[in-house]
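Here the structure comes first, spelled out in structure tokens, and everything after it is commentary.
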Amino acid sequence: MENIKNKIKKIGIIGCGNIGTEIARAVDKGNINVEISGCYDISKQKYEQMLKKLKNIRPEFMQLEDVIKSCDLAIECATKEAVRNIFEIAIKYYRDIIFLSAGGVLDCQDLIEEAKTKMINIYIPSGAVVGIDGLDAAKYLGIKQVTLITRKPPEAFKGNKYLQQKNIDPNKINVETVVFDGTAKEAINDFPANINVAATLSIAGIGPEKTKVKIIIDPFIKTNIHEIIVEGDFGRFRTITENLPSPENPKTSYLTSLSTIVLIKKIVEPIHIGT
Ligand SMILES: NC(=O)c1ccc[n+]([C@@H]2O[C@H](COP(=O)([O-])OP(=O)(O)OC[C@H]3O[C@@H](n4cnc5c(N)ncnc54)[C@H](O)[C@@H]3O)[C@@H](O)[C@H]2O)c1
């Protein structure tokens, strides 16, 4: 039967890496009721690698602007640097968009305002953390403090320039060590690999200047652990997420792809559970 109320039928995938491929696989398996109208990646090889993981569908490779034009909902799962250009094209064609590179969205306040006036829906998935729904609800009444405590094993900090400047070698750390204590704005700058969780929290909550971030190197863990503490007029909550890496890309927590797939399902399906 034709679904007359649901207008989102076609998605466009921008970035065919780990997250883009997981989304395409979910469509391939029939787990999301949409079709993929087109895909784009700066590397055509990444698109070809993605195709090899699909059994039932063969979405077309197109230029970026054509992907956005071809779909009802564009999904950016590329990189922070690509966000502004993708955002501008989505606005030009009045297309709704999901952004995975939340750190890039933080720099696009002007485009967020423009999208609002044009009634273009912008979505940022919860990604690698739980608690965004509670933060959203708490904000309605007023939030006093948002704190993110991120705990990762030493190998997650390989090549980090901030630690190099401070003469900290993550591999020589043999006790749990706080290596950063500051604002989300500073953390986003100094720890780009941690950028998305801090950015998503900042956008959902009280902004990057007021959100506090603590980063701990823990040689005794194998997972990335994010703890969020929110205090407000509602009371206080604390969530802890222990993330396993994605099977395809150890830098990305598996929960991120899952949260995006479920967000797309929420957008296209009529049952919405949770805030
Ligand atoms: N919101 C969150 O919680 C969260 C968590 C993890 C990752 N992310 C972000 O999501 C994005 C995708 O993550 P991933 O694990 O799939 O990364 P990935 O490296 O596996 O895939 C990214 C893909 O984008 C492509 N790409 C790079 N620049 C591009 C451009 N300008 N235009 C089009 N394609 C381009 C790359 O070739 C690659 O295939 C990254 O920005 C990552 O930081 C967000």
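The values are calculated or read from the model by the stated rules, or taken from the named source; none is laboratory data. Just so it is clear, the structure is predicted and the values come from calculations on it, not from any experiment. In this analysis, Cβ positions are derived from the backbone assuming ideal geometry, glycine residues included, and neighbour counts consider all displayed protein chains. Please note that ligands, DNA and RNA were not included when accessible areas were found on the heavy atoms of the full protein model with its side chains. Shrake-Rupley method; radii C 1.70, N 1.55, O 1.52, S 1.80 Å.
Determine how large the accessible area of VAL262 is when every protein chain is in place; take a 1.4 Å probe and give Å² rounded to the nearest 10.
Accessible area of VAL262: about 80 Å².
If you line up the long axis of helix 132-141 against the longest principal axis of the chain, both from Cα atoms, how many degrees apart are they, to the nearest 10?
So the inclination is approximately 80 degrees.
Size of the chain along its principal axes in angstrom, Cα-based, largest extent first?
Reported extents, whole Å, longest axis first: 57, 44, 31.
Can you give the accessible area per residue of the stretch 195-262, in Å², using a 1.4 Å probe?
On the way: 3210 Å² over 68 residues.
For the stretch 195-262, the solvent-accessible area averages 47 Å² per residue.
In the stretch 185-243, how does Rg compare with the Kirkwood Rh, expressed as the Rg/Rh ratio over alpha carbon atoms? Each step should come with its number before you reach the end.
Working: Rg = 12.3 Å, Rh = 12.6 Å.
Using only Cα positions, Rg/Rh for the stretch 185-243 is 0.98.
What does the convex hull of the Cα atoms of the stretch 33-114 come to per residue, in Å³, rounded to a whole number?
Working: hull volume 7.8 nm³, N = 82.
Expressed per residue, the convex hull around the Cα atoms of the stretch 33-114 is 95 Å³.
Rounded to the nearest 20 Debye, what is the dipole magnitude of the chain about its Cα centre when Lys and Arg each give +1 and Asp and Glu each give -1 at the C-beta? Before the final figure, lay out each step's value.
Details: 37 positive and 34 negative charges, 77 e Å.
Computed about the Cα centre, the dipole is about 360 debye.
Let me spell out the model: positive unit charges on the Cβ of Lys and Arg, negative unit charges on the Cβ of Asp and Glu, origin at the Cα centre of the stretch 204-250. What dipole size does that give, in debye rounded to 20? If you can, show how the numbers build up before the last one.
Working: 6 positive and 7 negative charges, 25 e Å.
With Lys and Arg at +1 and Asp and Glu at -1, about 120 debye.
How are the Cα pair distances of the stretch 132-243 distributed, in percent, across 5 Å bins from 0?
Cα pair-distance distribution for the stretch 132-243, in percent: 2, 12, 24, 23, 17, 11, 6, 4, 1.
With 32 Å as the limit, write out which pairs from LYS80/LYS166; LYS116/LYS158; LYS92/LYS158; LYS166/LYS212; LYS44/LYS212; LYS9/LYS212 have Cα-Cα distances beyond it, or answer none. Could the numbers behind the result be given before it?
Numbers: LYS80/LYS166 25 Å; LYS116/LYS158 39 Å; LYS92/LYS158 39 Å; LYS166/LYS212 20 Å; LYS44/LYS212 39 Å; LYS9/LYS212 39 Å.
Flagged as over cut-off: LYS116/LYS158; LYS92/LYS158; LYS44/LYS212; LYS9/LYS212.
Report, to the nearest whole %, how much of the accessible area of the stretch 129-275 belongs to carbon and sulfur atoms, 1.4 Å probe, protein only. Before the final figure, lay out each step's value.
On the way: 4300 of 8020 Å².
C and S atoms contribute 54 percent here.
Of the options LEU201, PHE191, GLY235, report the single residue whose Cα projects farthest towards the positive end of the charge dipole of the stretch 132-243 (beta-carbon charges: Lys, Arg +1; Asp, Glu -1).
Highest projection toward the positive end goes to PHE191.
Once the Cβ-Cβ distance between GLU186 and GLU155 is put in as r, and R0 is 25 Å, what FRET efficiency do you end up with, to the nearest 0.05?
Details: r = 23 Å, r/R0 = 0.92.
Plugging the Cβ-Cβ distance into 1/(1 + (r/R0)^6) gives 0.60.
What Kirkwood hydrodynamic radius do you get for the stretch 48-199 when you take the inverse of the mean 1/r over all pairs of distinct Cα atoms, in Å? Can you show the working numbers first?
On the way: mean 1/r = 0.0548 Å⁻¹.
When all Cα pairs of the stretch 48-199 are included, the Kirkwood radius is 18.2 Å.
With bins 5 Å wide starting at 0, give me the P(r) of the stretch 8-51 over every alpha carbon pair, in whole percents.
6, 25, 35, 23, 9, 2
Could you state the angle between the C-alpha long axis of helix 254-268 and the longest principal axis of the C-alpha atoms of the chain, as a value from 0 to 90 degrees rounded to the nearest 10?
Compared with the principal axis, the helix lies near 40 degrees.
With charges set only on the Cβ (+1 for Lys and Arg, -1 for Asp and Glu), what does the dipole of the stretch 5-85 come to about its Cα centre, in debye to the nearest 20?
Working: 15 positive and 11 negative charges, 57 e Å.
That gives a dipole near 280 debye.
Between 0 and 90 degrees, rounded to the nearest ten: what's the tilt of helix 18-28 against the longest Cα principal axis of the chain?
Rounded to the nearest ten degrees, it is 40.
Could you rank the peptides 107-117, 64-74 by their average count of other C-beta atoms within 10 Å per residue, with the highest value first? It would help to have the intermediate numbers written out before the result.
Working: 107-117: 13.5, 64-74: 21.1.
Per-residue mean Cβ counts within 10 Å order the peptides as 64-74, 107-117.
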